[in-house]
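Take a look at the structure below.
The values are calculated or read from the model by the stated rules, or taken from the named source; none is laboratory data. Just so it is clear, the model here is predicted, and its values are computed rather than measured. So basically every Cβ, Gly included, is an ideal-geometry build from the backbone, and we count neighbours across all protein chains shown. With ligands, DNA and RNA removed, areas are computed over all heavy atoms of the protein, side chains included. Shrake-Rupley method; radii C 1.70, N 1.55, O 1.52, S 1.80 Å.
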Amino acid sequence: YPLYIDVTENSSYKLQSETRDYLSDIKKPVDIYILQKETDFESGDSSSYKYYVQANRLLHAMADSSDNVELHYVDLTAEPTFTSPYPQIDWTKNHMALVVSGDLYRAVDLTDMFTYDQEQYYYYGTTVITKQNVEQAMMTAIMNVTTEDKTKVTVLSGQGEQEMTAFTTLLENNAFEVEQVSLLNGSIAD
């Protein structure tokens, strides 16, 4: 039984009660893979170190909240074939984590887990983390791989409509199955 005592003023290392409830009700096995060695994940410069430590504690708390959630650390340089069973993921992107349940899987990017100071990056080329979003990003991925009967949403195109990327991303993040169909050369499924 791991013991972590969160004495921060705003409970920075504690999961929300809704997250703990959802995780405790999961019936299918879920594996969370952090795509680095744990020591590398927690390391960083003095400005971002605290965010990675906080993220790591929250990930451990997620695994501790459910008998069906396991946390793993994978060094991709030592295990380069680890990514081969997941062909639908673009491995050239900067993924921090992979969430797997059965045949379903979802990559979680660095920008999903942390918020950056955009001006600092734009002007100086340095990445300065201003906030961590680990709990939200990981729960989105877990919901997507554990939801069995996803509601299907069809987004129509081909009629000069407005770009719907933000809307479709929002739907996908909330465990909807989104397909795009052009009425010019396709049809809507039943």
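Restricting attention to segment 114-154, which residues are part of a helix (DSSP H, G or I) and acidic (D, E)?
Initial filter on segment 114-154 (part of a helix (DSSP H, G or I)): 118-124, 134-146.
E119, E135, listed by residue number.
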### Message
Here's a check for you: in segment 81-107, which residue that is assigned to a strand (DSSP E or B) and out of contact with any Leu (no Cβ under 7 Å at 6 or more places or on another chain) is farthest from L58 (Cα to Cα)?
### Response
L104
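Considering segment 15-41 alone, what residues qualify as being touching a strand residue (DSSP E or B) at 6+ places or on another chain (Cβ under 7 Å) and either within 17 Å of D64 (Cα to Cα) or of a type in the set (A, V, I, L, M) (or both)?
Keep residues of segment 15-41 that are touching a strand residue (DSSP E or B) at 6+ places or on another chain (Cβ under 7 Å), which gives 23, 26, 28-38, 41.
Answer for segment 15-41, where residues must be touching a strand residue (DSSP E or B) at 6+ places or on another chain (Cβ under 7 Å) and either within 17 Å of D64 (Cα to Cα) or of a type in the set (A, V, I, L, M) (or both): L23, I26, K28, P29, V30, D31, I32, Y33, I34, L35, E38.
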### Task
Could you figure out which of (1) without any contact (Cβ under 8 Å) to a residue 24 or more places away in the chain; (2) open to solvent by less than 30 Å² (accessible area, probe 1.4 Å) isn't true of F114?
(1)
### Query
From the set of residues in segment 62-82 that are β-branched (V, I, T) and open to solvent by 30 Å² or more (accessible area, probe 1.4 Å), which is farthest from K28 (Cα to Cα)?
T77
### Query
Given the structure, is V128 open to solvent by less than 70 Å² (accessible area, probe 1.4 Å), within 21 Å of the chain's Cα centre (by Cα) and at pLDDT 90 or above?
no
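So, N94, is that one within 18 Å of N174 (Cβ to Cβ), of a type outside the set (V, I, T) and free of Cβ contacts under 8 Å to residues at least 40 places away in the same chain or not? Give the steps one after another, and end with the answer.
On the way: within 18 Å of N174 (Cβ to Cβ): no; of a type outside the set (V, I, T): yes; free of Cβ contacts under 8 Å to residues at least 40 places away in the same chain: yes.
Against the criterion (within 18 Å of N174 (Cβ to Cβ), of a type outside the set (V, I, T) and free of Cβ contacts under 8 Å to residues at least 40 places away in the same chain), N94 does not qualify.
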### Message
Which residue is least open to solvent (accessible area, probe 1.4 Å), if the candidates are limited to segment 151-174 and must be touching a strand residue (DSSP E or B) at 6+ places or on another chain (Cβ under 8 Å) and under 18 Å from M138 (Cα atoms)?
### Response
L171
### Query
What are the residues in segment 132-190 that are modelled with pLDDT of 80 or more and touching a Gly at 6+ places or on another chain (Cβ under 7 Å), if any?
S182
